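Asks: One structure, as structure tokens, below. Some questions next.
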Amino acid sequence: MPTFTYTHNAAAAAAVAAAYDTPPLAYVRSYGCQQNVNDGEKLRGVLLDIGFGITDAPERADLILFNTCAVREHAEQRVFGNVGALKKLKEANPRLIIGLCGCMAQQPQVVEKLKKSYPYVDLVFGVDGIDRLPALLQKRLEKGRRVLETSPERGAVVEDLPIRRDSDFRAWLPVMYGCDNFCTYCIVPYVRGRERSREPEAILAEFRALLAAGCKEITLLGQNVNSYGKGTAAGLDFAGLLDLLCQEPGDYRLRFMTSHPKDASHRLIDTIARHPQLCRHLHLPVQSGSDRVLAAMNRHYTAAQYLELIDYARKTIPGVTFSSDIIVGFPGETEEDFEKTLELVKAVGYTQLFTFIYSKRTGTKAAALPDPATHADKAARMARLLKIQEERAFPAIAALTGRSERVLVESAGRMAGTLNGRLDNDLVVEFPGPQSLIGRWARVRLTGARAALLTGELETE
Ligand code: 5AD
Ligand code: SF4
């Protein structure tokens with residue numbers, strides 16, 4: 001696997017220092033998945049490395065960078081809307097640099113649109129331009145011209161990127177990039193490129209550094225973590241990687257996402273059951289309950305095979321919970337197909353569902369399929385799905401009342417004086433407690449639930 005290593009770009013840092021009287025500020029906003037959030041943390045790290053400061057206020061920034069998502073049209077429209085709103089800031093401050101990067105910028109038609117219709121966007125680069133950002137910025141600063149890149153993704157892994165993490169107690173840790181599955185609706189393989197896995201030593205080194213810094217919850221990331229290891233020198237598979245990481249001593253939790261059901265093996269489930277650090281929760285996107293639709297989506301499993309996996313996990317990992325992604329209104333989905341999805345959702349009993357109306361993506365196979373259902377039909381199906389999910393999930397969540405659970409306190413709760421803590425099984429409990437507990441472990445007695453949110457009381461450890 002070709003690997004690039006980030007090195008400090010002194011010439012770019014000098015160009016930044018020469019261009020501004022006082023250290024400039026950068027505002028970086030990430031859209032979409034956790035992989036993108038982690039890329040945003042690295043973009044901030046790289047900008048700090050060449051002399052920028054970081055701000056949360058776009059109106060104070062000298063550089064505004066949108067790290068974008070292309071998975072659905074709605075996400076793209078939001079970005080175009082938000083970029084449009086920056087025109088006023090640019091008029092007020094002509095020196096402001098506006099940049100757009102990530103998955104949208106990997107699509108030629110998007111770059112073309114930015115070139116033609118958004119003249120105030122100065123900088124465009126795709127998903128693996130993070131290490132080249134200093135050089136691109138230097139070009140923009142020294143030449144004063146727009147820098148719009150349309151280079152294909154390099155098919156490499158970049159190590160040692162500087163990073164400014166959003167949290168000091170929860171962290172994202174990518175184990176692989178890209179996707180080879182080509183589900184027919186999905187743009188990801190086209191924008192994020194072929195699967196590339198990091199070598200286990202690089203992952204282990206980052207993991208150890210996070211634990212040494214006091215991090216308590218680490219989520220391993222990949223578009224399809226179960227195909228981890230292909231093309232690596234070590235040849236370790238994902239279950240093997242989990243075994244390796246779990247040998248590290250310490251009081252921590254390990255999560256991972258996303259698992260493709262076609263590759264989630266009994267061995268993976270046995271591995272979760274064996275290690276107390278591995279969270280008892282599986283995000284296993286099913287997309288549809290109809291075998292006909294699953295085949296048209298190129299998913300490589302049937303509803304029965306999926307349910308067998310769920311059954312095995314339930315038997316093997318006591319208390320395990322499941323979440324899933326579902327697409328409503330895939331081209332040609334019939335009422336009968338949709339009812340199979342409803343049946344599957346009832347049968348599994350997910351604690352959380354991420355539901356999406358199908359969005360046509362230029363360049364994917366599904367974009368060429370006839371899609372006779374109207375948006376209103378699809379929205380009506382979505383409402384039925386959400387109702388079934390609530391009827392199934394809320395009582396199951398409320399049934400946990402009475403248990404005592406160890407939680408990682410993540411943030412202030414919605415109600416004044418409360419905190420939110422995450423259980424091992426990924427559910428969240430709101431309970432009264434002092435802010436000083438944020439980032440720490442706490443023991444909470446579950447006293448009830450409001451919809452999908454548990455409520456509880458603090459106990460002493
Ligand atoms: N339309 C709707 N949803 C999509 N997803 C991916 N591509 C599309 C699309 N074209 C959903 C899938 C995937 C999740 C991350 O986004 O459910 O699992
Ligand atoms: Fe898209 Fe399928 Fe790859 Fe997930 S597994 S990123 S849905 S192509």
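Asks: Say we look at segment 218-233 and pick out the residues that are more than 14 Å from Glu248 (Cβ to Cβ) and more than 16 Å from ligand 2 (Cβ to nearest atom); which of these is nearest to the chain's Cα centre (by Cα)? Working first, answer last.
Replies: Keep residues of segment 218-233 that are more than 14 Å from Glu248 (Cβ to Cβ), which gives 219, 221-233.
Narrowing the set further to residues that are more than 16 Å from ligand 2 (Cβ to nearest atom) leaves 219, 229, 231-233.
Values: Thr219: 10, Gly229: 20, Gly231: 23, Thr232: 23, Ala233: 26 Å.
Per the criteria, the residue is Thr219.
Asks: Could I ask something else about it? So, restricting to strands (runs of 3 or more DSSP E) that lie completely within segment 125-238, which ones have at least 1 residues that are within 30 Å of Ile438 (Cβ to Cβ)? It would help to see each step written out before you state the result.
Replies: On the way: elements: 157-159, 170-174, 217-221.
Counting at least 1 such residues, we get 170-174, 217-221.
Asks: Given the structure, is Asp237 open to solvent by 40 Å² or more (accessible area, probe 1.4 Å), over 30 Å from Ala13 (Cα atoms), within 16 Å of ligand 1 (Cβ to nearest atom) and not aliphatic (A, V, I, L, M)?
Replies: Taking the combined requirement at face value, the residue does not satisfy it.
Asks: For segment 364-384, state whether one or more residues are within 16 Å of ligand 2 (Cβ to nearest atom) and either of a type in the set (Val, Ile, Thr) or under 24 Å from Arg280 (Cβ atoms) (or both).
Replies: yes
Asks: Tell me, please, whether a residue that is aliphatic (A, V, I, L, M), in contact with a helix residue (DSSP H, G or I) (Cβ under 6 Å, 6 or more places away or on another chain), in the same structural domain as Cys246 (by TED's automatic domain parsing) and more than 16 Å from ligand 2 (Cβ to nearest atom) can be found in segment 277-300.
Replies: Yes - at least one qualifying residue is present in segment 277-300.
Asks: Then there's this: Please go through segment 342-363 and give me each residue that is within 12 Å of Val286 (Cβ to Cβ), within 16 Å of ligand 2 (Cβ to nearest atom) and of a type in the set (Ser, Thr, Tyr), ordered by number.
Replies: Thr355
Asks: Output the number of the condition that Asn38 fails; it satisfies all remaining conditions of (1) farther than 20 Å from Val124 by Cβ; (2) open to solvent by 20 Å² or more (accessible area, probe 1.4 Å).
Replies: Asn38 satisfies every listed condition except (2).
Asks: Right, another one. Filter the helices (runs of 4 or more DSSP H) completely within segment 245-346 down to those with at least 2 residues that are β-branched (Val, Ile, Thr). Can you show your working first?
Replies: Details: elements: 266-274, 291-296, 303-316.
Helices (runs of 4 or more DSSP H) meeting the threshold: 266-274, 303-316.
Asks: Would you check if Gly402 is of a type outside the set (Ser, Thr, Tyr), assigned to a strand (DSSP E or B) and at pLDDT 95 or above?
Replies: Considered against the rule, which asks whether it is of a type outside the set (Ser, Thr, Tyr), assigned to a strand (DSSP E or B) and at pLDDT 95 or above, Gly402 comes out as no.
Asks: Checking the structure you have, find out if any residue of segment 304-323 is away from ligand 1 (no atom under 16 Å from the Cβ), under 16 Å from Phe207 (Cβ atoms), in the same structural domain as Phe356 (by TED's automatic domain parsing) and modelled with pLDDT of 95 or more.
Replies: Step one: filter segment 304-323 for residues away from ligand 1 (no atom under 16 Å from the Cβ), giving 304-305, 307-321.
When the remaining residues are screened for being under 16 Å from Phe207 (Cβ atoms), the result is none.
Within segment 304-323 (the criterion being away from ligand 1 (no atom under 16 Å from the Cβ), under 16 Å from Phe207 (Cβ atoms), in the same structural domain as Phe356 (by TED's automatic domain parsing) and modelled with pLDDT of 95 or more), the answer is no, since none of the residues qualifies.
Residues are listed down the side, and each one gets a yes or a no for (1) within 15 Å of ligand 1 (Cβ to nearest atom); (2) within 12 Å of Leu454 (Cβ to Cβ); (3) open to solvent by less than 40 Å² (accessible area, probe 1.4 Å):
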site	(1), (2), (3)
Thr334	no, no, no
Arg361	yes, no, yes
Ala368	yes, no, no
Arg381	yes, no, yes
Arg392	no, no, no
Thr401	no, yes, no
Arg406	no, no, no
Arg414	no, no, no
Pro432	no, no, no
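Asks: At pLDDT below 95 and polar (S, T, N, Q): does that describe Asn226? Give the steps one after another, and end with the answer.
Replies: Working: at pLDDT below 95: yes; polar (S, T, N, Q): yes.
Criteria met by Asn226.
Asks: Give segment 158-180 a look and list any residue that's more than 18 Å from the chain's Cα centre (by Cα) and either crowded, with 17+ Cβ neighbours inside 10 Å or closer than 30 Å to Pro94 by Cβ (or both), or say none.
Replies: Correct list: Val158, Leu161, Pro162.
Asks: OK, next. Return the pair list, or none, for Cβ contacts closer than 8 Å from residues in segment 251-270 that are more than 13 Å from Gln223 (Cα to Cα) to residues that are among the aromatic types (Phe, Trp, Tyr) and open to solvent by 30 Å² or more (accessible area, probe 1.4 Å), at least 6 apart or on different chains.
Replies: Final answer for the pair search is Asp251/Trp441; His266/Tyr312; Ile269/Tyr312.
The values are calculated or read from the model by the stated rules, or taken from the named source; none is laboratory data. Everything numeric in this text was worked out from a predicted model, so none of it was measured. Here the Cβ is made from the backbone with ideal geometry for all residues, glycine too, and neighbour counts use every protein chain on show. Note: areas computed on protein heavy atoms with side chains; ligands, DNA, RNA excluded. Shrake-Rupley method; radii C 1.70, N 1.55, O 1.52, S 1.80 Å.
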